[in-house]
């Protein structure tokens, strides 16, 4: 395994001492481990392709833990701005009772969707769709909703795509307009498997969708409850817990200004000026450290690529 790690040029890669590398790999395994994930092996079946290829923008973005955390928090804030999605998430998920478990399951689903072999990803997505079929209800305003409604799924998919791409571009490595468009297009096959049939495939289409949502979004105390959970629930390993609330504020900064204003999110919920460089530093450093046990690395090895494929 280590031989495979160092078989490619290492100009930008940060080499860690063996003990620290082992600790990093153990941390990643813990963050992605739940009852459902114990049977997921990103290294098998050998040579089997994923829903999106290893040279994609998606594989570059989803390998970075800073982009994943910041983008994931921003995506949920945007989801919770839509009242039907908000009711479905808050009333029918385990987020309030078991936020760590919920985060792990959601993170694992994203990793399988992007990196998992097709024979693993497609049944997993089908299982999610089946579970969502039982989720329906009524918002406090009396509007009926169903989790598998294509309009709601379109918003959920779009907010996730927007947030992960923005987090990576702002805090890790800047993406060009063409790379943004490519990332949005790459997510289309998986989005359709989830039931989102008409998702934005360009920056312009994403902007059009956000503009069309102005009359459907509204504020809720639930947004602030979610942010409090993300600040106070220990998600990171103990040595890095101090960074977690800063990354939550970085996520708030990603939310478009008019939506922040609509939700009542003020400047105090966003990044302090002195913190911005710290998040960018963390994004850059984490982009040059190769976790051997991460889904991205294991999936590269599954396809016969060096573990450094996404890092050089």
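Of note, residue 121 satisfies the criterion of being modelled with pLDDT of 95 or more, closer than 30 Å to residue 13 by Cβ, in contact with a strand residue (DSSP E or B) (Cβ under 7 Å, 6 or more places away or on another chain) and not in a loop (DSSP other than H, G, I, E, B). In region 198-215, the count of residues that are surrounded by 13 or more Cβ atoms within 10 Å (Cβ to Cβ) and under 30 Å from residue 13 (Cβ atoms) is zero. With respect to being farther than 20 Å from residue 226 by Cα, touching a strand residue (DSSP E or B) at 6+ places or on another chain (Cβ under 6 Å) and at pLDDT 75 or above, residue 14 fits the description.
Quick check, is residue 152 touching a residue at least 60 places away in the same chain (Cβ under 8 Å) and touching a helix residue (DSSP H, G or I) at 6+ places or on another chain (Cβ under 7 Å)? Yes; evaluated as a whole, the condition is true for this residue. Can you find a residue that is more than 20 Å from residue 102 (Cβ to Cβ), touching a helix residue (DSSP H, G or I) at 6+ places or on another chain (Cβ under 6 Å) and surrounded by fewer than 21 Cβ atoms within 10 Å (Cβ to Cβ) anywhere in region 233-247? Yes, region 233-247 contains a residue that is more than 20 Å from residue 102 (Cβ to Cβ), touching a helix residue (DSSP H, G or I) at 6+ places or on another chain (Cβ under 6 Å) and surrounded by fewer than 21 Cβ atoms within 10 Å (Cβ to Cβ).
Scanning region 150-178 for residues that are surrounded by fewer than 18 Cβ atoms within 10 Å (Cβ to Cβ) and under 23 Å from residue 121 (Cβ atoms) gives a single hit, 150.
Answer with yes or no whether residue 207 is modelled with pLDDT under 95 and within 18 Å of residue 71 (Cα to Cα). No. When the helices (runs of 4 or more DSSP H) confined to region 150-216 are screened for residues that are within 15 Å of the chain's Cα centre (by Cα), those reaching at least 3 such residues are found at 150-171, 177-186. Identify all residues within region 264-288 that are out of contact with any helix residue (DSSP H, G or I) (no Cβ under 7 Å at 6 or more places or on another chain) and either without any contact (Cβ under 8 Å) to a residue 60 or more places away in the chain or not in a helix (DSSP H, G or I) (or both); write none if there are none. Within region 264-288, 264, 266, 267, 268, 272, 273, 274, 276, 277, 281, 287, 288 qualify. Scanning region 91-118 for residues that are farther than 20 Å from residue 55 by Cα and modelled with pLDDT of 90 or more yields a single hit, 109. Check region 71-86 and report whether any residue there is out of contact with any helix residue (DSSP H, G or I) (no Cβ under 7 Å at 6 or more places or on another chain), at pLDDT 95 or above, more than 22 Å from residue 279 (Cβ to Cβ) and surrounded by 13 or more Cβ atoms within 10 Å (Cβ to Cβ). Yes, there is a match, as at least one residue in region 71-86 is out of contact with any helix residue (DSSP H, G or I) (no Cβ under 7 Å at 6 or more places or on another chain), at pLDDT 95 or above, more than 22 Å from residue 279 (Cβ to Cβ) and surrounded by 13 or more Cβ atoms within 10 Å (Cβ to Cβ).
The values are calculated or read from the model by the stated rules, or taken from the named source; none is laboratory data. Worth saying up front: this structure is predicted, and the values here are computed from it rather than measured. For neighbour counting, all protein chains shown are included, and Cβ atoms are generated from backbone atoms with ideal geometry for every residue, glycine included.
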